[in-house]
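Quick note: the coordinates plus some simple rules give every number you see, no bench work behind them. Since the structure is predicted, the reported quantities are computational estimates derived from the model, not experimental observations. Glycine gets a Cβ as well: all are built from the backbone with ideal geometry, and neighbour counts include every protein chain shown.
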Amino acid sequence: MTTSSGERAHTMKTISVDAVLEGLSRAPSNAVVAFDCDGTLWSGDVGEDWFVALIEREGLAKSASDAMRAEAMAHGIPVDSLTDRAVAEAMLAAANEHRYDEKRLYEMMAWAGAGRSEAEVAKIIDAMLGRVGLPSRLYEETLAILRAARADGRAVVAVSASPRAVIEACLAHLGVEASAVCAATQAIDRGVLLPSLSAPMPYAHGKVLGLRAIIGDAPVAVALGDSAFDLEMLALATQPLAVRPKPALRERGASLATLRELERLTR
């Protein structure tokens, strides 16, 4: 997303992984590490990978297709004579043009597995993971911090707007251990997924609410994110870290004086 013309990009100070870990070693024992996933632990967006797998390979189940079309029509996006893929592309274009709320778009992508069982969804995710090359997309600097935190016995919480089932499968696929996952969680009725979420979307301020629901009033030692929508979560941390930050986070970063850009590591 773009920012208002009144905001200016600024140059963030950088910090090394070693310096972050030194600071983390001094944090209270109950202080947690919180991290976004897409664009922060790995490149790209696995929620989008999941949605593409549904639209282009599996096809939406009828309940998901009907709900997507109803959502589009409710926001003035035409669907007549369009395929599901064309409807999805029209919704994405509307979001990019600020004619459709981006949060609602992500919610729709999260519940797009509606009409299927959890076992069916797991199979689709497994097949997706075989295609998208997630291990090659890992960011070593984030991984190093998460592994060090877990080795030190700290709670490490994933906070993502992508679907919970997808995030949990991706973390398992990569061998990344999280103490808890806060992600878009699809509602289920009698074993079948519904075209809705069972809890508020962890997006922007929703990330703060979701994280606090898990950790209570425990302090946040380190938080990692790449997007302006992570900024409120980052502000909770003693060490807020921008991981390969997107332009909007760079532009808004001046509002958080302690924000540092994490230096990259390579294999």
Subject >> Inter-label distance, nm, simple model (7 Å from Cα along the C-beta direction), L21/L174 >> reply: 1.8
**OP:** Please give, to one decimal in nm, the separation of the simple spin-label points placed at D217 and M73, each 7 Å out from Cα toward the Cβ.
**Re:** 5.0
Original post:
Roughly how big is the stretch 76-170's charge dipole about its Cα centre, with Cβ charges of +1 (Lys, Arg) and -1 (Asp, Glu), in debye to the nearest 20?
Top reply: 260
Original post:
Relative contact order (percent) for the chain, with alpha-carbon contacts under 8 angstrom and 6 or more residues of separation?
Top reply: 29
Original post:
Looking at the chain, how many pairs of lysines come closer than 24 Å at the Cα, when each pair is eight or more places apart or spans two chains?
Top reply: 6
Subject >> Cβ charges +1 (Lys, Arg) and -1 (Asp, Glu), total dipole of the chain, debye >> reply: 380
Original post:
Under a point-charge model restricted to the Cβ atoms of Lys and Arg (+1) and Asp and Glu (-1), what is the dipole moment magnitude of the stretch 1-147 relative to its Cα centre, in debye to the nearest 20?
Top reply: 140
Original post:
For the residue pair R99 and E56, what label-to-label distance in nm results when each label sits 7 Å from Cα along the Cα-to-beta-carbon direction?
Top reply: 2.4
